[in-house]
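Working notes, structure below.
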Amino acid sequence: MTIEKNSQKELDRLWGKNPPKHNPNLLKTIYEVIFILIALTNFLLVLFDALYLYKLPYYHGTLRDVLLHYYPENLKKHFDPIKVWDPIKGIEPHRFTVSYIENYEKLKELYNSLIATTPQERAKIEKDIENQLKILIELSEDMIDKRSVDSYFYLANKDGVLEKIKNIMRKYKPNPQNSAKESFRTFFSKQNLGDDNWQKEFTFFDKEIIPLMKENYFRWIAEDGELKDYFYKIDRWFVLFFVIDFIGRWIVYRKRYKKWYLFPIHHLYEIFNLYPPHHTAWFRLLRIIPLYVRLKENRFIPDEGIMPEIIHDNAKIIADEISGLVLVNIIEQTKDRFKEGKIDLEPQTIEALEVILKKQMEIFSNKIMPELEPMITEMVHYSINRAAEPFLLSPIGPLVRIILYNIHATVKEGLEAAFNSPEGLERLNKILQTSVEEILKNTTSKENQEMLIKDIVNFLDILKKDIENNYVKET
């Protein structure tokens, strides 16, 4: 954290930026809150506009299709997003779709009028029904026959919807030819729409076919060769606000910047707010970058950024995983280098080892040896007794016992004096230091180095297995 702060200070110095004064300004805070709210509103509108006609993954439809199918009917009375946003995107109802649905609704009205009618009127209504059925069959066949650029669903990129309609009708009214046109003929036949069946059939058509037909639409091509889109008329007011904000901050911050003319370069990321693309809707989505920076500068989100704990925890897990593998790898490489003879004991290494051993011997002679004095005394007594054991069984045994007793007392007193006196400790230390020097001299010989390397390799093998076992247990 300290390094980051120092780096930021250095960057500020290079930019000619004076240190900011941490004086709370209520008006500035209020303005920043207003700016964030306006920028957030703009981004949500931009996101909605970008997704409105974009095919959503796994859904095979657009946000407009989602609203058509799932937006609650009771909310449409107060606010219908389709009626609001379709004109903004230059969307109009397709003439064919409108004609088809109008004729279908007319057919439903004719069937409903049969419920309460006189016999004279019924004959006329039935004749109108026959004519209406013929019209719908012709419209259905025409809809299926039109393909590629001539398709009524082509401009809206809804050819897939037409295929879905055909598959539903084939499944609902199967026929030997597996023909969608034949399925429509069967559906819109007098036999199928009998007095006891027409309500059920119309319920199916209202639920399965009509919503898919409503997904189709028409968009005019503008004079610039692109499809009509009027969202820029809304977005331009936000862009004007961003431009005024940018220029205003540039003027106000002149006191903060010695090289004030570098302000646009320092805030280059705000180009996404200032550039109003007409037909590149996805470019507008990059306004999330200046919005995020503004939120961070005003400390509306943590200084570390978004989700710092998650990033930190994941980084720690990864570091632990890698460090274990790296340690095992280092041990393996070290072992291989010892085996190959690429690691030799240099004079500096021997000297460092000598210093370590001498210090340890000094500690051993000053602290540990005095504690071992009773055991050493006992060992000397045992050795003397074993050496004098044959004489103890001879006729001069009593005399030998007296002599041994005096020797034991003298040895004990001598060892105690040696371990407690500076001269004795110095002699002991000298003996140990000489031993260390002899050990090190032998270590530098080729035979002893080979043995030492072999022992080190065996040790590294054992250490590697222990680390791998612990690593497996932890994971």
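Here, each number is a calculation from the coordinates, and none is a lab measurement. Being a predicted model, the structure only gives us computed values, none of them experimental. Using ideal geometry, Cβ is built from the backbone for each residue, glycine included, and neighbour counts are taken over all protein chains shown.
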### GLY61 long-range amide H proximity, modeled H, under 5 Å
LEU56
### Query
What ranking do 81-91, 283-293 get when scored by the average of other Cβ atoms within 10 Å per residue, highest first?
283-293, 81-91
## Note on the structure
Restricting to Cα pairs under 8 Å and 6 or more apart, the percent relative contact order of segment 94-216 works out to 27 percent
### Built amide H within the under 5 Å cut-off of PHE218, gap 5+
GLU92, HIS94
### Summary
Rg/Rh over Cα atoms for segment 94-216, Kirkwood Rh, comes to 0.99
### 3J(HN,Hα) from dihedral phi, segment 33-49, Karplus parametrisation 6.51/-1.76/1.60, rounded to Hz, x for glycine, proline
5, 4, 4, 4, 5, 5, 5, 5, 4, 4, 5, 5, 5, 4, 5, 4, 5
### Task
May I ask which of LYS55/LYS166; LYS55/LYS106; LYS207/LYS233 have a Cα-Cα span longer than 27 Å here?
LYS55/LYS106; LYS207/LYS233
### Query
All other residues with a Cβ under 12 Å from the Cβ of ASP128 taken together, and with Lys, Arg as +1 and Asp, Glu as -1, what is their net charge?
+1
### Query
Hey, which of these cross-link pairs are over 21 Å Cα-Cα: LYS146/LYS228; LYS158/LYS228; LYS127/LYS190; LYS127/LYS181?
LYS146/LYS228; LYS127/LYS181
